[in-house]
1. From (1) within 12 Å of chain B (Cβ to nearest Cβ); (2) open to solvent by 10 Å² or more (accessible area, probe 1.4 Å); (3) in a helix (DSSP H, G or I), pick out the condition that doesn't hold for A:L25.
2. Does any residue of region A:40-60 turn out to be basic (K, R) and surrounded by 20 or more Cβ atoms within 10 Å (Cβ to Cβ)?
3. Can you name the number of the only condition in (1) in contact (Cβ under 8 Å) with a residue 60 or more places away in the chain; (2) under 26 Å from B:R228 (Cβ atoms) that A:L63 fails?
4. Any residue at all in region A:45-59 that's under 30 Å from A:D193 (Cβ atoms), away from chain B (no Cβ under 11 Å), more than 16 Å from the chain's Cα centre (by Cα) and touching a residue at least 12 places away in the same chain (Cβ under 8 Å)?
5. Does region B:12-30 contain at least one residue that is within 14 Å of chain A (Cβ to nearest Cβ) and either at pLDDT below 95 or in contact with a strand residue (DSSP E or B) (Cβ under 6 Å, 6 or more places away or on another chain) (or both)?
6. Could you list, in sequence order, the residues of region A:47-73 that are closer than 10 Å to A:L28 by Cα and assigned to a loop (DSSP other than H, G, I, E, B)?
7. Please pick out the residue among B:R160, B:R228, B:R195 that is within 14 Å of chain A (Cβ to nearest Cβ), farther than 24 Å from A:G102 by Cβ and either among the hydroxyl-bearing types (S, T, Y) or in contact (Cβ under 8 Å) with a residue 24 or more places away in the chain (or both).
8. Is it the case that region B:199-208 has a residue that's open to solvent by 50 Å² or more (accessible area, probe 1.4 Å), assigned by TED's automatic domain parsing to the domain that holds B:I125, of a type in the set (A, V, I, L, M) and under 16 Å from the mean Cα position of the chain (by Cα)?
Amino acid sequence: MTESAPSAPRAVVIGASAGAVEALLHVLPQLPRGYPLPVLVVVHVPPQRRNVLASLFAARCPLDVREPDDKEPAAPGTILFAPPDYHMLVEADRTISLSVEGPVQFSRPSIDVLFESAADAYGPGLIGAVLTGANHDGAEGLAAVAAAGGMAIVQDPAQAAYPVMPEAALALTPRAERLTLDGLVRRLLAAGDPSQAGEISR
Amino acid sequence: MENDRIQEEKIEDIEIRLLLEALYSRYHYDFRGYAQASLKRRLRQARDQLGLPTFSALQDRMLRDPAIVTRLLGFLTVQVSELFRDPAYFRAIREKVVPHLRTYPSLKVWIAGSSTGEELYSFVILFREEGLEDRTLFYATDISQEALDAAARGIYPLDRIRAFTENHQLSGGKSSLSDYYSTAYGRAVFDKSLRDRVVFSDHSLVTDAVFAEMHLISCRNVMIYFDRELQDRAVGLFRESLARKGFLGLGARESLRFSQYAGAFSAFVREEKIYQRRDP
């Protein structure tokens, strides 16, 4: 396996399902105003629940939080939640595109869909994290992140409210890093701090 | 290994560009301005399902075998929708737009990208409930003949009816959805009288032009598959097609904010993405 040259992080993608809200409440509010990376999040939510997550997190996060409209730029310092009933993808020009094609892994939005497109768009500059969940979405996506040279992270299954999803991701990407939620926060903060760039790129 | 993968990605991008060029040159289906990320995903599905090793192999087959093109279009275009998808949108049409439409003696409504007809039937039922159907002509257009045929049949699996019915009620439905279909062999067959005022037509937002003057255009979750340039073309076409102060409805997460025609429309019901052509 070739070691790719250290590459500055350019975006973060996070996927979570059952237990997501609690886990993300531990992580996202700790990202400070001025955080220099876009943070793109897929949580499995039922359709028709428009803006529920975004408003929940907007009230608790220093960063801007919203559900994007199609073609919205994936701007630094913004947390974008995939809108319910849409897949969220990133284009090569770092804008968001949405899709209502069928569910993937029984889910729309699907973590795999976001992660695979983000891996194409950001390559080695991507950090991908699969957190708690009770299904297998995100496993293929995280493998794509790793294959494109990005940093693959899973929430330590022993610490996850629902270990099935991080375990499935680990099974496909055994070299993904297992972190606690606190460890993930430290990793994300380091990724946003240029003076520590050397520490986060392996 | 990682480098191989990155090389392979680059090769795929070249192959996709060539494949789309070939599809256009040979059959005049133009996907060259589609948003890449989801297009790539659907093309990969098509390649894998057709059992072909590469996009180049798919291109070779497609050039020589028109039957493959039909299947390819199925992967590239067919979208699953619901009757009264996003009930709040239809409620806003009913409560905010219909009062304006009532003032016209005759109406034209365009369902652009009508796919398998769910959106069309939603509008026809809503207009019947509001007493506007008799004075309205509906145009349902799509690039896929298969989708248009399915729309004209109006047959849906019975297991989808529960969601349709719930949506219809939430949209402010004034009748029972079961008034409009009969059931047979596990399927719901929508009444053919719903199609009395409908014209089905093959039309492409990418390559075709204005064909009538519309009072309302509903084009939801169609332009999300276009890149920005192509979106501009389509929105420009809608602007040209609309009567003075005509209405344009988009999907819940679509916006004219990023369009070069943003100034040509005003938000009529902002939260439901219903716009009105700006006229003096």
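1. Going through the list (1) within 12 Å of chain B (Cβ to nearest Cβ); (2) open to solvent by 10 Å² or more (accessible area, probe 1.4 Å); (3) in a helix (DSSP H, G or I), A:L25 breaks only (1).
2. Within region A:40-60 (the criterion being basic (K, R) and surrounded by 20 or more Cβ atoms within 10 Å (Cβ to Cβ)), the answer is no, since none of the residues qualifies.
3. Single failed check for A:L63: (1).
4. Yes.
5. Yes, there is a match, as at least one residue in region B:12-30 is within 14 Å of chain A (Cβ to nearest Cβ) and either at pLDDT below 95 or in contact with a strand residue (DSSP E or B) (Cβ under 6 Å, 6 or more places away or on another chain) (or both).
6. Within region A:47-73, A:R60, A:C61, A:P62, A:L63 meet the criteria.
7. B:R228
8. Taking every residue of region B:199-208 in turn, at least one turns out to be open to solvent by 50 Å² or more (accessible area, probe 1.4 Å), assigned by TED's automatic domain parsing to the domain that holds B:I125, of a type in the set (A, V, I, L, M) and under 16 Å from the mean Cα position of the chain (by Cα).
The values are calculated or read from the model by the stated rules, or taken from the named source; none is laboratory data. Predicted model, so just to flag it, every value in this text is computed and none were measured. A quick note on method: Cβ atoms are made from the backbone with ideal geometry, for glycine too, and the neighbour counts reach across all protein chains shown. Please note that ligands, DNA and RNA were not included when accessible areas were found on the heavy atoms of the full protein model with its side chains. Shrake-Rupley method; radii C 1.70, N 1.55, O 1.52, S 1.80 Å.
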